[in-house]
């Protein structure tokens, strides 16, 4: 990216990579979703159309692009016993999302109940991904927080800062966490640090006759999406499920990539808040709105994932 210079470098490589320099400069990167008052995504913006603030101080924008980078998707399906009646529709919707992947994209499929089970490691093989979704079967309690915590840890561990990718977790659940060792505060804190966007889908479908309505962790799902720059959906019927997945797929394709070198050089490890305003005040901008500054000495150029507030 780095405007014309880096844009040319990206076009010259099959897999775009972030340039690395032996300097003490660190660039904060984040993705933007820009919509109009009708919720439609807005294309064609330039750096002059936005103003970026860190802790209230305007920052010069050094990276700006709206490009289709490879997607690395993690699809997580609730396989607890309560999902039995809705799982066939949920599986079809998840497969519909996976079919939007293009050459160069990859996805992983996992199910969770009391434990997390990866059914298909990250691959671009569509047939393998669809077979993995077919394998999901309901049994047991819901350990949603545990499953997301382990997944975020793995994502952070395997993240290659040199590659320009859109990493996202899409998690679907229909009920309250009943079996996790991790609490919501631990999970949300890790989500802010991991640099992975979370899209959460909480099913609000009516319970089967004679069964109590499950209680969704609505606050936690919403907070996870907000903190990471994603979005939470709460479809009230299975008929709305395809629409939620379709909107996620569309959004991942049309994000703006933005980066800047912070004017505050301190390596104090503190949380720094990001805010963005547009020249056209009616536009809505959703983004990860903060990051933790590095601690200790800095020896190389790195891309710092921004987390959202």
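The values are calculated or read from the model by the stated rules, or taken from the named source; none is laboratory data. What you are looking at is a predicted structure, and each value in this text was computed from that prediction instead of being measured. In this analysis, Cβ positions are derived from the backbone assuming ideal geometry, glycine residues included, and neighbour counts consider all displayed protein chains.
Kindly indicate whether any position in segment 237-244 is outside any helix (DSSP H, G or I) and either within 30 Å of residue 94 (Cα to Cα) or modelled with pLDDT under 90 (or both). Yes, segment 237-244 has at least one match. Applying the criterion of at least 1 residues that are closer than 20 Å to residue 238 by Cα to the helices (runs of 4 or more DSSP H) found wholly in segment 52-168 leaves 87-98, 126-135. Listed by first and then second residue, the pairs with beta-carbon distance under 7 Å, at least 6 apart or on different chains, first residue in segment 65-77 and not assigned by TED's automatic domain parsing to the domain that holds residue 114, second at pLDDT 95 or above and in a loop (DSSP other than H, G, I, E, B), form an empty list. Restricting attention to segment 223-264 and to residues that are over 18 Å from residue 39 (Cα atoms) and without any contact (Cβ under 8 Å) to a residue 60 or more places away in the chain, the residue that is surrounded by the most Cβ atoms within 10 Å (Cβ to Cβ) turns out to be 223.
To keep it simple, each residue is scored yes or no on (1) assigned by TED's automatic domain parsing to the domain that holds residue 188; (2) in contact with a helix residue (DSSP H, G or I) (Cβ under 9 Å, 6 or more places away or on another chain); (3) without any contact (Cβ under 8 Å) to a residue 24 or more places away in the chain; (4) closer than 24 Å to residue 178 by Cα.
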position	(1), (2), (3), (4)
81	yes, no, no, yes
85	yes, no, no, yes
99	yes, yes, no, no
107	yes, yes, no, no
111	yes, yes, no, yes
116	yes, yes, no, yes
134	yes, yes, no, no
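Based on what the data block shows, is residue 276 farther than 27 Å from residue 182 by Cα, surrounded by 15 or more Cβ atoms within 10 Å (Cβ to Cβ) and modelled with pLDDT of 90 or more? Criteria met by residue 276.
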